[in-house]
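The values are calculated or read from the model by the stated rules, or taken from the named source; none is laboratory data. Worth saying up front: this structure is predicted, and the values here are computed from it rather than measured. Cβ sites come from the backbone with ideal geometry, for glycine too, and all protein chains shown count toward neighbours. Protein only, heavy atoms only, side chains kept; ligands, DNA and RNA dropped before computing areas. Shrake-Rupley method; radii C 1.70, N 1.55, O 1.52, S 1.80 Å.
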Amino acid sequence: MATVLYRVGFETLQYSDVCPLDGFLSLTPIRDIATRAEGTSVPLNMATQISKKRKFVADGVFYAELNELLTRELAEHGYSGVEVRVTPIRTEIIIRATRTQNVLGVKGRRIRELTSVVQKRFKFPEGSVELYAEKVANRGLSAIAQAESLRYKLLGGLAVRRACYGVLRFIMESGAKGCEVIVSGKLRAQRAKAMKFKDGYMISSGHPAVEYIDGCVRHVMLRQGVLGIKVSWGSLLTCCKCWSKAVPVFV
C-alpha cells in the first residue's frame, strides 16, 4: 500500500491507494477545511472520508467567505484580493492591498486582529494560520482597487461622468490595452439608466474574455438609491496572436 501527499484545493492531504468507496478519497487532512466549514473540529490525527465534490465545494466556500470578510473590513484600504497558500506547517493568507500600512495597523495591531478572527471563525489550531499584507505593484491594473476608488469618489459627491473618465484615464495610463466602466441606477433624475465609458481594445465574448479580462462589480449606497459599478480592463495579451499565457485545457 503506497501513501503519498498531494493537494486538493487549498489542502495538502495524505492519500492511500486503497479507496474503500468508489469516488471517495481516504484522507488524513493536515487541516480539514470541509469540517471547519460545518462548524466542528476534528483532531489532526483522525482520518476522515470526504468526496471530491464536497472537498472542492468546501474549499470554494472557505475562499468566498474569507474574501467577503476582507472586502468588508479592508475596502477603504485598497483591498485587491486574497491568496491562500497551504504548507505542511501552516496556512498562509496573503492579502493584496494598495495601502499595506493601513492593513497592518499601528505596530501590527490590525493584522493580528484579523488573524484572530480568521482563526476562531474557521477553527484553525493555535498558530497554524498567518496573515500577510502584500502591496499591489500597479493599482491602476487592479479592477477591484479601481472599482473601490470609483465608489468612494461617487460617495464623496463627485459627478458621475467626471469620476468615470478619471478612472478610465488612469487605467489606460497604467498600461492597459482597453478598459470599460459601466455605472447604472438613478444617476440624475428619478428614471434609472446606465452609462458606459469605454476606451481602447476590449474582448467581450468567448473563452479569452474569461482568461484575459479582469473585472469587478461594486454597489454604491446613495441617498436616491443604489448605483451599480462595473470596471473591466484587458491586458496586452488580449491582442497578441500568440498568447504567452497558458490557457487551461478542459477534458
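Treat every Asp and Glu Cβ in the stretch 112-175 as -1 and every Lys and Arg Cβ as +1, leave all other atoms uncharged, and give the resulting dipole magnitude about the Cα centre to the nearest 20 debye.
320
Projecting each Cα onto the charge dipole of the stretch 59-129 (Lys/Arg +1, Asp/Glu -1 at the beta carbon, about the Cα centre), which of Gly105, Ala64, Val118 comes out farthest on the positive side?
Sorting the options by dipole projection puts first Gly105.
Quick one: what Rg and Dmax do you get for the stretch 75-164 from the alpha carbons, in Å?
Rg and Dmax of the stretch 75-164, Cα atoms, are 15.7, 51 Å.
Which of the lysines could a cross-linker span from Lys186 if the Cα-Cα distance has to be under 27 Å and same-chain partners fewer than 8 positions apart are dropped?
Lys153, Lys196, Lys198, Lys230
Not counting ligands, DNA or RNA, and with a 1.4 Å probe, what is Lys186's accessible surface area in Å² rounded to the nearest 10?
Approximately 60 Å² of Lys186 is accessible to the 1.4 Å probe.
If you count, for each residue, the other Cβ atoms within 10 Å and average over each peptide, how do 62-71, 76-85 line up from highest to lowest?
Top to bottom by mean Cβ count within 10 Å: 76-85, 62-71.
Rounded to whole Å and sorted largest first, list the principal axis extents of the Cα atoms in the stretch 51-122.
Principal-axis extents of the Cα atoms in the stretch 51-122, largest first: 43, 24, 18 Å.
Check Gly81: other-chain or 5+ apart residues with amide H under 5 Å from its amide H, H built from backbone geometry?
Arg96
Using the Karplus equation 6.51 cos²θ - 1.76 cosθ + 1.60 (θ = phi - 60°), what ³J(HN,Hα) coupling, rounded to whole Hz, does each residue of the stretch 120-132 give in order, writing x for Gly and Pro?
Per residue, the Karplus-derived 3J(HN,Hα) values read 6, 5, 9, 6, 6, x, 4, x, 9, 10, 10, 10, 10 Hz.
For Ser116, Ser232, give me the order by solvent-accessible area with a 1.4 Å probe, most accessible first, ignoring ligands, DNA and RNA.
Ser116, Ser232
Keeping all protein chains in place and using 1.4 angstrom, which order do Arg121, Arg169 fall into by accessible surface area, from largest down?
Arg169, Arg121
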